[in-house]
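Following: one structure in structure tokens, then a few remarks.
The values are calculated or read from the model by the stated rules, or taken from the named source; none is laboratory data. What you see is a predicted model; the values in this text were computed from it and never measured. With ideal geometry, Cβ positions are generated from the backbone for all residues, glycine too; neighbour counts draw on all protein chains shown. Heads up: the accessible areas ignore ligands, DNA and RNA and are worked out on the full protein's heavy atoms, side chains in. Shrake-Rupley method; radii C 1.70, N 1.55, O 1.52, S 1.80 Å.
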Amino acid sequence: MTSIASPTATRTAATVKARKAALGSFVGTAIEWYDFFIYGTAAALVLGKQFFPGTSDLAGTLAAFATLAVGFVARPIGGIVMGHFGDRIGRKSMLVTSLMLMGCATVAIGLLPNYAAIGVFAPILLVTLRFVQGLGVGGEWGGAVLVATENAPEGKKGLYGSAPQIGVPAGVLVANLVYLPLAAFMDDDAFNSWGWRIPFLLSAVLVGVAMWIRLGLEESDEFTASKSEAPAESMPILEVLTRHWKTVLLAGGTFIATNGIAYAYMVYVLKYGETELGFSKTTMLFLLIASCPFWMAGMAFSAHKSDTLGRRTVYIRSSITLVVAAAVFFPLIDTAIVPVMLVSMIALGFTLGCCAGPQAALFAELFPAHIRYSGASLGYQIGAILGGGLAPMIATALYAAFDTSFAITVYFVIIAVISLVSILLLPEPQLIPKNTAAQKAS
């Protein structure tokens with residue numbers, strides 16, 4: 001006799017699956033972004049000296065930040081390639097692939113000889129490995145977001161979709177917690193010689209944990225149903241570019257400020273506080289670490305609100321607040337009063353979190369299931385390359401040209417207004433329909 005699962009048992013199984021998907025998305029994303037961000041911290045603190053010697057401090061910093069930008073150039077490529085296969089064969093396999101690419105490249109950077117050891121091959125290999133990192137993280141976000149949102153219970157798509165979003169500042173937090181004791185207790189010679197490599201090598205352990213979790217994930221009922229109801233799109237990216245290109249561009253525009261200001265806040269400010277304001281590496285890392293929990297809280301708060309008020313409404317309100325926060329951030333930092341600087345970091349972090357919280361569900365709901373991985377990934381990565389990929393270099397160049405942070409403030413406000421206009425032009429997305437399990441249980 002064939003047993004039939006009760007509605008309660010079905011709902012319980014669906015809840016367990018949703019929570020497992022959210023956990024897998026959060027942990028994997030946190031570790032991938034840990035890998036991506038330790039590079040940014042190293043670029044701000046040491047890579048210029050190790051891989052671009054013989055240049056001025058400014059030129060070395062710009063060169064290091066340029067290699068940071070290479071990862072952003074690779075991200076749309078990773079998003080397109082993994083989005084294609086993620087829409088055709090499944091989300092899970094691409095999440096495993098992205099994690100392996102990121103982990104292997106990160107450990108390799110930790111083992112890479114510097115310019116003094118192998119000459120010009122050192123920066124060439126550094127750029128190559130950074131490109132591989134970009135490929136990995138380019139395919140990560142779309143898959144993690146879809147696994148979380150497509151498996152989420154009805155009415156909680158925004159909240160569950162924030163799990164991979166929260167993984168981003170969690171990765172920043174872990175990365176800087178690893179760097180903090182190294183910067184605090186190692187002398188400069190030891191840190192510059194080999195200490196900076198330790199966070200890269202630790203990635204091997206973290207990736208192993210994330211891989212174990214991700215191998216246990218399941219595809220969502222919605223994705224499985226979309227594969228049985230319609231043949232797989234032979235080239236999902238072509239449908240995205242021909243039928244949804246305006247949506248992709250506007251989605252990317254909404255993310256320019258969130259990502260660009262966040263990267264300047266996470267990477268450039270470390271260097272700025274040390275070289276222009278005279279603070280130690282330890283102090284600047286402490287300020288960033290202290291602000292990260294508020295960044296995560298902003299994400300959870302706004303994601304939850306987006307489930308009741310709507311993604312677009314919450315995003316608009318958060319984007320307006322970001323314009324204000326962008327205008328006052330550097331004036332407060334320039335006071336060089338640590339408590340004031342901390343308040344500035346916390347306020348900006350919380351505001352950035354509020355902008356990012358509803359983004360996962362928003363982007364997922366903009367595209368139908370059979371092209372969702374490709375569409376969401378491309379929109380996200382366009383915003384990333386125009387935002388975070390250029391922000392540290394632009395901020396460094398602006399300060400060098402004008403000798404004042406006011407120029408950076410103007411840049412922050414401009415990109416914040418661009419993102420606000422983009423979300424105002426983007427229509428409210430259609431909610432992701434109920435998944436099969438939820439339909440059977442209802």
Check: In degrees between 0 and 90, to the nearest 10, how far off the longest principal axis of the chain does helix 311-333 point, with axes built from Cα atoms?
Finding: 10 degrees
Check: Leu241 to Ala13: extension gain in nm, 0.36 nm per residue of separation minus the Cα-Cα distance?
Finding: 78.4 nm
Check: In sequence order, what are the phi-derived ³J(HN,Hα) couplings for region 276-283 according to the Karplus relation 6.51 cos²θ - 1.76 cosθ + 1.60 with θ = phi - 60°, rounded to whole Hz, with x for glycine and proline?
Finding: 9, 9, x, 7, 7, 4, 4, 4
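First compute the accessible area of the chain with a 1.4 Å probe, then give the percent of it belonging to carbon and sulfur atoms.
Details: 11730 of 16550 Å².
With neighbouring chains kept in place, the figure for the chain is 71 percent.
Between Asp403 and Ser93, what length in nm is gained on full extension when 0.36 nm per residue of separation is reduced by their alpha carbon distance?
Working: separation 310, 0.36 × 310 = 111.60 nm, distance 4.83 nm.
Length gained between Asp403 and Ser93: 106.8 nm.
Treating only the Cβ atoms of Lys and Arg (+1) and Asp and Glu (-1) as charged, compute the dipole magnitude of the chain about its Cα centre; round to the nearest 20 debye. Intermediate results must be reported in sequence, preceding the final value.
Values: 26 positive and 24 negative charges, 201 e Å.
Result for the chain is approximately 960 debye, rounded to the nearest 20.
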Next item on the list: Over all alpha-carbon pairs of region 164-304, lay out the pair-distance distribution in 10 Å bins, whole %, shortest bin first.
Entry: 9, 25, 29, 23, 11, 4, 0
Item checked: the chain: angle of helix 157-185 to the longest principal axis, Cα-based, in degrees nearest 10 -> 30 degrees
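Over 30 Å between C-alpha atoms is what I'm after, so list which of Lys157/Lys281; Lys157/Lys246; Lys92/Lys305; Lys92/Lys246; Lys92/Lys156; Lys156/Lys271 land there. Can you show the working numbers first?
Numbers: Lys157/Lys281 39 Å; Lys157/Lys246 24 Å; Lys92/Lys305 28 Å; Lys92/Lys246 28 Å; Lys92/Lys156 21 Å; Lys156/Lys271 39 Å.
Violating the 30 Å Cα-Cα cut-off are Lys157/Lys281; Lys156/Lys271.
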Margin query: Assuming 0.36 nm per residue, please report the length gained on full extension of the stretch Thr313 to Val410 beyond their Cα-Cα distance.
Written below: 32.4 nm
Notebook entry, point to check: For the pair Ala336 and Trp212, how long in nm is the line joining their label points, each one 7 Å along Cα→Cβ?
Noted result: 4.9 nm
Notebook entry, point to check: What's the angle, to the nearest 10 degrees (0 to 90), between helix 245-263's Cα axis and the longest principal axis of the chain?
Noted result: 40 degrees
